[in-house]
Amino acid sequence: MESWKLLSTDGQELAIREFTEDDAPDALDLFEQMAGETDFLLYAEGDAKISVSEERKYIASMRESRNSLFALAEICGEPAGSAIVHGSRWPRTRHCGTVGIAVAQVFWGIGVASALMDYVTEWAMKTRFVSKLDLQVRTDNERAIRLYERKGFVIEGLLTRQMYIDGVYFDHYWMGLTLPDVVPLIPNGTNGKLPNFPGGRQGELF
């Protein structure tokens, strides 16, 4: 997927591109930062015990996968957020991708998450390997839910007691977006590679 260059809603330079192996140290720093800024992500600060070499391998595997995406958003050259699509390895579900969006707190409210979601959708439309996008979002994350609904996602189900924080359980909505004009180009029986995921990377935050 080609890089995007646009403006945030407050007029700053916003770039979105796929992560490269050289981004591994910045990726780890960004995810650790975001994990400490919200309880909406599936992982907390310090949970991910990943080395730079492991992260490089993870990024390489994502870049090799035809139905997965790992994208970085930058504001004026500074890492600001990420979007991940995890594609299934199984022939019957390779057309489905699970989406995770996260944005650093300092960049909330200026359209980064919205642009990342547009990038994900455009990627799916252009690659034509993914025709269904799914995501989980905590039921009390109203801001994220509104964004996803604006982008065409609908609530398809309720997942109870999906997260446990400080003695409290939280429910999640399962939301989905069908791309009706996309006919998947991954036929059954092909070798769709599945990236090795070092730790949970799904989440929602902006």
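The values are calculated or read from the model by the stated rules, or taken from the named source; none is laboratory data. All figures in this text were calculated on a predicted structure; none of them were measured in a lab. FYI the Cβ positions are ideal-geometry reconstructions off the backbone, even for glycines, and counts take in every protein chain you see.
Total residues in region 38-63 satisfying the condition of being under 17 Å from the mean Cα position of the chain (by Cα) and not small (Gly, Ala, Ser): the figure is 11. When only residues in region 34-49 that are within 23 Å of Ser68 (Cβ to Cβ) and touching a residue at least 24 places away in the same chain (Cβ under 8 Å) count, which is surrounded by the fewest Cβ atoms within 10 Å (Cβ to Cβ)? Per the criteria, the residue is Lys49. All conditions in (1) modelled with pLDDT under 95; (2) touching a Leu at 6+ places or on another chain (Cβ under 9 Å); (3) among the aliphatic types (A, V, I, L, M) hold for Leu177, with the sole exception of (1). Of all the criteria given as (1) within 24 Å of Arg146 (Cβ to Cβ); (2) in a loop (DSSP other than H, G, I, E, B); (3) out of contact with any helix residue (DSSP H, G or I) (no Cβ under 6 Å at 6 or more places or on another chain), the one not satisfied by Ile84 is (2). Do we find that Ala73 is part of a strand (DSSP E or B) and within 27 Å of Met163 (Cα to Cα) in this structure? Here the answer is yes, as Ala73 does meet what is asked. Tell me yes or no: at least one residue of region 38-50 is more than 23 Å from Gln162 (Cβ to Cβ) and not hydrophobic (A, V, I, L, M, F, W, C). The answer is no, given that none of the residues of region 38-50 is more than 23 Å from Gln162 (Cβ to Cβ) and not hydrophobic (A, V, I, L, M, F, W, C). Taking the criterion of being part of a helix (DSSP H, G or I) and either in contact with a Leu (Cβ under 7 Å, 6 or more places away or on another chain) or more than 24 Å from Trp123 (Cα to Cα) (or both), the residues of region 5-61 that qualify are Asp23, Pro25, Asp29, Glu32, Gln33, Met34, Ala35, Val52, Ser53, Glu54, Glu55. At pLDDT below 55, under 24 Å from Ala104 (Cβ atoms) and among the acidic types (Asp, Glu), is that true of Glu204? Judged against the criteria, Glu204 is a match.
If you go through region 135-146 and keep only what is of a type in the set (Asp, Glu) and either more than 24 Å from Gln105 (Cα to Cα) or assigned to a loop (DSSP other than H, G, I, E, B) (or both), you end up with just Asp140. Within the option set Ser82, Ser88, Ser61, being buried (at least 22 other Cβ atoms within 10 Å of the Cβ) and in contact (Cβ under 8 Å) with a residue 40 or more places away in the chain holds for one residue only, Ser82.
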